[in-house]
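Read-outs throughout are calculated quantities, based only on the coordinates presented, and are distinct from any laboratory measurement. Just so it is clear, the structure is predicted and the values come from calculations on it, not from any experiment. A quick note on method: Cβ atoms are made from the backbone with ideal geometry, for glycine too, and the neighbour counts reach across all protein chains shown.
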């Protein structure tokens with residue numbers, strides 16, 4: 001009965017293996033030797049694939065070179081940048097709130113230009129490059145400068161308000177102090193008479209402070225953070 005049925009050998013697929021070294025052609029005089037059956041795979045991997053990968057990587061170097069255009073953004077330090085507005089060393093004059101306001105608009109414009117220059121993703125050769133992180137990192141620097149600038153204006157407004165309030169309080173204390181002698185009474189009367197001119201001078205300070213608060217309102221800054 002066994003002869004009625006032929007035994008079928010199960011055929012298995014042999015997995016190709018990349019040879020560790022380049023297979024050498026067999027000796028043509030030796031008919032018992034054959035070329036390694038995986039020789040084609042060595043050629044495909046070490047010659048064709050590697051060569052094409054090297055060619056594909058070349059444009060990446062050119063892409064990296066484009067970031068030299070962003071050296072200003074790389075070197076930009078928000079803390080150091082804003083600190084220059086408060087620098088009063090060597091006869092330097094600190095920036096006014098209006099000057100800082102103009103710089104805020106400059107930072108807004110710089111961020112817009114940056115976002116236009118860097119796409120969210122870019123196709124380079126066979127690679128799709130995600131530019132979101134570097135784009136966001138640069139944009140964040142401009143945003144931090146804006147926030148620090150606004151806080152600086154708020155601090156200036158607060159300091160000037162405290163200074164002005166203190167001067168009025170000193171004026172009030174001197175006027176309200178009960179004189180003990182005729183000389184003190186005379187001095188108080190003279191002081192009161194002079195305050196009309198002083199108050200006129202302080203009107204300019206009040207107008208400047210109000211302008212500072214107007215700038216803060218322009219940027220929707222909540223002064224409760226500095227109260």
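On a full-extension model of 0.36 nm per residue, what is the gain between residue 39 and residue 84, subtracting their alpha-carbon distance, rounded to one decimal in nm?
Numbers: separation 45, 0.36 × 45 = 16.20 nm, distance 6.76 nm.
Result for the pair: 9.4 nm of gain on full extension.
Mind listing the Cα extents of the chain along all three principal axes, in Å, largest one first?
Dimensions of the chain along the principal axes of its Cα atoms: 143, 51, 28 Å.
What distance in nm separates the simple spin-label points at residue 168 and residue 77, each placed 7 Å from Cα in the Cβ direction?
For the pair residue 168/residue 77, the computed spacing is 4.1 nm.
So, in nm, how far is label residue 199 from label residue 120 when the simple model puts each one 7 Å beyond its Cα toward the Cβ?
Rounded to a tenth, the inter-label distance reads 6.0 nm.
Can you tell me the orientation of helix 97-117 relative to the chain, as the angle in degrees between its alpha-carbon axis and the longest Cα principal axis, to the nearest 10?
In the chain, helix 97-117 runs at an angle near 10 degrees to the longest axis.
Roughly speaking, what is the stretch gain from residue 31 to residue 48, that is 0.36 nm per residue apart minus the C-alpha to C-alpha distance, in nm to one decimal?
Working: separation 17, 0.36 × 17 = 6.12 nm, distance 2.97 nm.
Length gained, residue 31 through residue 48: 3.2 nm.
Between residue 61 and residue 18, what FRET efficiency follows from the Cβ-Cβ distance if R0 is 30 Å, with the result rounded to 0.05?
Details: r = 28 Å, r/R0 = 0.93.
Taking R0 as 30 Å, the efficiency between residue 61 and residue 18 is 0.60.
What is the helix-to-structure angle for 50-65, meaning the angle in degrees between its Cα long axis and the longest Cα principal axis of the chain, kept from 0 to 90 and rounded to the nearest 10?
The two axes meet at around 10 degrees.
How tilted is helix 182-218 with respect to the longest principal axis of the chain? Cα atoms for both, answer in degrees (0 to 90, nearest 10).
Between the helix axis and the principal axis of the chain, the angle is about 20 degrees.
What FRET efficiency do you get for residue 99 and residue 159 if R0 is 22 Å and r is their Cβ-Cβ distance, rounded to the nearest 0.05?
Details: r = 16 Å, r/R0 = 0.75.
Working from the Cβ atoms, E equals 0.85.
Between residue 68 and residue 147, what's the calculated FRET efficiency when r is the beta-carbon distance and R0 is 41 Å? Round to 0.05.
Working: r = 28 Å, r/R0 = 0.69.
Taking R0 as 41 Å, the efficiency between residue 68 and residue 147 is 0.90.
With a 10 Å radius around each residue's Cβ, average the other Cβ atoms per peptide and rank 62-73, 156-167, highest first. Walk me through the numbers on the way to the answer.
Values: 62-73: 11.4, 156-167: 14.7.
Listed from highest to lowest mean packing, they are 156-167, 62-73.
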